Amino acid sequence: MKTVDNFNFKSKKALIRVDFNVPLDGDLNVTDASRITAAKPTIIKVLEDGGSAILMSHLGRPDGKASDALSLKNICTKVSEIIGVNVKFATDCVGDAANEAVKNLKSGEVLLLENLRFHNEEEAGDKGFAEKLASLGDIYVNDAFGTAHRAHASTTIVAEFFPENKCFGYLLAKEIVAIDKVMKTGEKPVTAILGGSKVSSKITIIENILDKVDHLIIGGGMTYTFIKAQGGNVGDSICEDDKQELALSILKQAKEKGVQIHLPVDVLAANDFNNNAETKIVPVTDIPNGWQGLDAGPQTLENFKKVILMSKTILWNGPIGVFEMPTFAKGTIAIGNYIDEATKNGAFSLVGGGDSVAAVKQFGFEDKVSYVSTGGGAMLESLEGKILPGIAAIL
Ligand code: AMP
């Protein structure tokens, strides 16, 4: 795997695809700069070698139309502040504005190009557009995991124009290593904890990871489809009736593959989907009509804790309850605490995909797990076993 460490950037222009798709408030101030901070080590490596960095990114969904609100100019000051050099700005990512700005760029300098998605050709993966981008730099660096699952011009197609001179940035390389640690090289026992709302949205992940894990903990809204399929009464809990066959087939496949599946045995049920609803602990197979399971129960958490604490590699995707409401967040917080403890005891823990990162950040577990993925959709597709086009283009 080629990274920026395989190159000396002295007097070279590095064309770096970063993910600066950051949230802005009404006054166009950056409200969470973590994506910019995450790209810093790669940029610094290029500058310290004596090279210059041309940064390209998208921001929001402009759908091919330029607008002030989605201009990357809005974040230029923030990027300068974080990188520690005065970042220059090109008012377009291709054409005269970009070419001129690149021509004037000196070693040690950083240039931020305008929003790639102001051009429809970006998302279309247009080859001509990719060639124009490619003409700006000597070495192509992809450091944007968040868009690595898209075959866009700047994430994938552009790499064709750098047959030898292309590599991963530190951030993207870290993501690849973290995923491999779970899916390929992880120390056993390997445990996946899958939560979230629906079986249907996680089915490809489940099928793929059954070949990689020793234990699969299933929690959250997915639980009830499995329980009902086995004859339990799930009351008014979220349940996909048309996925019951699938749930049984997953249980069968797991058995054949020697994977132990751990499902909840008790739940915190509520008489309404509401933080102030009446609640009670009931067996997962005996939820009264008019009640719905919204979080894991105490015995379930005890069982899950034992599995997590004896695991050496842990993957966590999806909340175990409706964590957005404090009454039903306790199970998700408990799982975070068990993973924290396992990690302190030497396990490798990876959290990522969809809502898991939001839950981890909300409850302050970010620094307690080994790695939190920066890409929601890209992470989910990696767990499904797909080779992401942005990664394949470099390999
Ligand atoms: P996903 O995007 O599939 O990871 O699902 C995340 C969502 O699942 C969160 O918004 C949770 O509130 C929701 N969720 C977790 N457990 C349950 C449950 N028991 N009933 C309904 N929704 C749930």
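The values are calculated or read from the model by the stated rules, or taken from the named source; none is laboratory data. Only a predicted model underlies this, so the values are computations on that prediction, with no experimental measurement involved. Note that each Cβ is placed from the backbone with ideal geometry, even for glycine, and that neighbours are counted across all protein chains shown. Quick note on the areas: whole protein, heavy atoms, side chains included, nothing else; ligands and nucleic acids left out. Shrake-Rupley method; radii C 1.70, N 1.55, O 1.52, S 1.80 Å.
Give me the percent of DSSP beta bridges within the chain that run antiparallel, rounded to the nearest 5. Of all bridge pairs located within the chain, approximately 20 percent are antiparallel. Label sites at ASN289 and VAL85, each approximated as a point 7 angstrom past Cα along Cα to Cβ, lie 7.0 nm apart. Magnitude of the charge dipole for region 277-329, about its Cα centre and with charges confined to Cβ atoms of Lys, Arg (+1) and Asp, Glu (-1), is about 300 debye. Take every pair of alpha-carbon atoms less than 8 Å apart whose residues are at least six positions apart; their mean separation over the length of region 4-173 yields a relative contact order of 28 percent. Antiparallel as a % of all DSSP beta bridges within region 186-383, to the nearest 5? So the antiparallel bridges in region 186-383 amount to around 30 percent. Axis angle, to the nearest 10 degrees, between helix 34-49 and the longest C-alpha principal axis of the chain: 40 degrees.
Counting only alpha carbon atoms, the long axis of helix 244-257 and the longest principal axis of the chain meet at about 80°. For the pair LYS257 and ASP25, label points projected 7 Å from Cα toward Cβ lie 4.6 nm apart. Look at the dipole of the chain built from charges on Cβ: of ILE281, LEU59, LEU47, the Cα furthest out on the positive end belongs to LEU47.
Over the C-alpha atoms of region 186-383, the Rg to Rh ratio, Rh being the Kirkwood estimate, stands at 0.94. The stretch between GLU164 and LYS2 holds 57.3 nm of extra length on full extension. This uses 0.36 nm per residue minus the Cα-Cα distance. Distance between the 7 Å Cα→Cβ label points at GLU302 and THR327: 2.5 nm. Between ASP32 and SER107, residue separation times 0.36 nm minus the direct Cα-Cα distance comes to 24.1 nm.
Full extension of the chain segment joining LYS184 with ALA66 gains 38.2 nm, where the gain is 0.36 nm per residue of separation less the Cα-Cα distance. Computed over region 4-173, the P(r) tail beyond 25 angstrom holds 21 percent of alpha carbon pairs.
Computed packing ranks the peptides 58-70, 183-195, 364-376 as 183-195, 364-376, 58-70, most packed first, by mean other Cβ atoms within 10 Å. Direction-averaged projected area, Cα convex hull, the chain: 20.0 nm², rounded to one decimal. Annotation for region 242-285: GluC sites (Glu not before Pro) lying in DSSP loop with at most 14 further Cβ atoms inside 10 Å of their Cβ are GLU278.
Only Cα pairs under 8 Å and at least 6 apart count here; give the relative contact order of the chain as a rounded whole percent.
After rounding, I find 15 percent.
The charge dipole of region 90-203, taken about its Cα centre with unit charges on the Cβ of Lys, Arg, Asp and Glu (plus for the first two, minus for the last two), comes to roughly 760 debye. Other residues within the sphere of radius under 12 Å centred on the Cβ of GLY146, judged by their own Cβ, net out at -1 (K and R +1, D and E -1).
Ordering GLN292, ASN165, ILE238 by the projection of their Cα atoms onto the charge dipole of the chain, which places +1 on the Cβ of Lys and Arg and -1 on the Cβ of Asp and Glu, puts ASN165 at the extreme positive end.
In region 245-370, Cα pairs under 8 Å separated by at least six residues give a relative contact order of 20 percent. Of the peptides 43-55, 202-214, the order by per-residue mean of other Cβ atoms within 10 Å, starting with the highest, comes out as 43-55, 202-214.
Please report the carbon-and-sulfur percent of the accessible area for the chain; probe 1.4 Å, protein heavy atoms only, DNA, RNA and ligands left out.
It is 47 percent, rounded to a whole number.
So how strong a dipole does the chain carry about its Cα centre when Lys and Arg Cβ are +1 and Asp and Glu Cβ are -1, to the nearest 20 debye?
On the way: 41 positive and 50 negative charges, 209 e Å.
With only Lys, Arg, Asp and Glu charged at Cβ, the dipole is about 1000 debye.
The residue among PHE365, LEU388, ASN345 whose Cα reaches farthest toward the positive pole of the charge dipole of region 342-388, with charges on the beta-carbon of Lys, Arg, Asp and Glu, is ASN345.
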